[in-house]
Amino acid sequence: MTNDPEITADRPDSPIRLAGTDHITLIGSNEDDTIEFYRDLLGMPLVLRQPNLDDPESTHLFFDTGDGRILTFFVNDDRQSNEQPLRHQVGSVHHLSFSVEPERFVETKGALEDAGRGYNEFDRGIFHSLYTRDHNGLTIELATDKFDVPDDRRGEVLATAQRLRVEDGADFAEERHLEAALEELGIDSEKYDLPDAPTGAGR
């Protein structure tokens, strides 16, 4: 591809039109460690547990991530957890990101500390994030919005912020681009009170 792709919230003229994310499935270690991290620490209800239909020797766990969208794991009690960071390759999962209510962001930091889970905190310009790892070394991002953006207009807001970023000559979208996008689109939005943190942007 020689030209930059078009950035827009409009649907492309594609032969398939998706309705959203149904679920994401990962290969987990054992059941106890998986439930301890995702249910007992992150607060995802375990909503379904059954044999893996493709491999009855393993168990399929279904967690509700908080909005009805599902994260599932194939687990087997013969597999031990390994918290060493994962090596990445083309096609691998870099990280999973889950939403945290802004009012509970500081409380979430405390819960990670109480559980002995290290984390990094970054102000990513258009959102604010904590990065930790699960019991198998997978990076987990816990992200919170800086502004109260309606879910049904999130893509439109981000695409507008992207255009403003390019026009501004900035390397990445910053809070001012998001704020200007909301203003341009006529969206009244509350700004949340979040802690100061570095951007984490590498050079």
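A few points about this structure:
- The residues in region 114-149 that are farther than 27 Å from Ser189 by Cα and assigned to a loop (DSSP other than H, G, I, E, B) can be counted, and the count is 10.
- Going through (1) open to solvent by 70 Å² or more (accessible area, probe 1.4 Å); (2) in contact with a helix residue (DSSP H, G or I) (Cβ under 6 Å, 6 or more places away or on another chain) one by one, Leu46 falls short only on (1).
- Glu179 being over 19 Å from the mean Cα position of the chain (by Cα) and in a helix (DSSP H, G or I): yes
- Residue, farthest from Arg49 (Cα to Cα), within region 75-104, restricted to residues that are assigned to a loop (DSSP other than H, G, I, E, B) and hydroxyl-bearing (Ser, Thr, Tyr): Ser92
- Restricting region 61-87 to residues that are closer than 13 Å to Ile24 by Cβ and in contact with a Lys or Arg (Cβ under 8 Å, 6 or more places away or on another chain), the residue that is surrounded by the fewest Cβ atoms within 10 Å (Cβ to Cβ) is Phe62.
- The listed residue being touching a residue at least 60 places away in the same chain (Cβ under 8 Å), surrounded by 10 or more Cβ atoms within 10 Å (Cβ to Cβ), within 30 Å of Asp148 (Cα to Cα) and of a type outside the set (D, E, K, R), out of Thr8, Thr34: Thr8
- Sub-8 Å Cβ pairs linking a first residue in region 79-95 that is touching a residue at least 12 places away in the same chain (Cβ under 8 Å) to a second residue that is open to solvent by 100 Å² or more (accessible area, probe 1.4 Å) and not in a loop (DSSP other than H, G, I, E, B), at least 6 apart or interchain, are Glu83/Arg133; Pro85/Arg133, ordered by first then second residue.
The values are calculated or read from the model by the stated rules, or taken from the named source; none is laboratory data. Because the structure is a prediction, the values reported are computed rather than measured. Cβ atoms come from the backbone with ideal geometry, glycine included; neighbour counts cover every protein chain shown. For accessibility, only protein heavy atoms count, side chains too; no ligands or nucleic acids. Shrake-Rupley method; radii C 1.70, N 1.55, O 1.52, S 1.80 Å.
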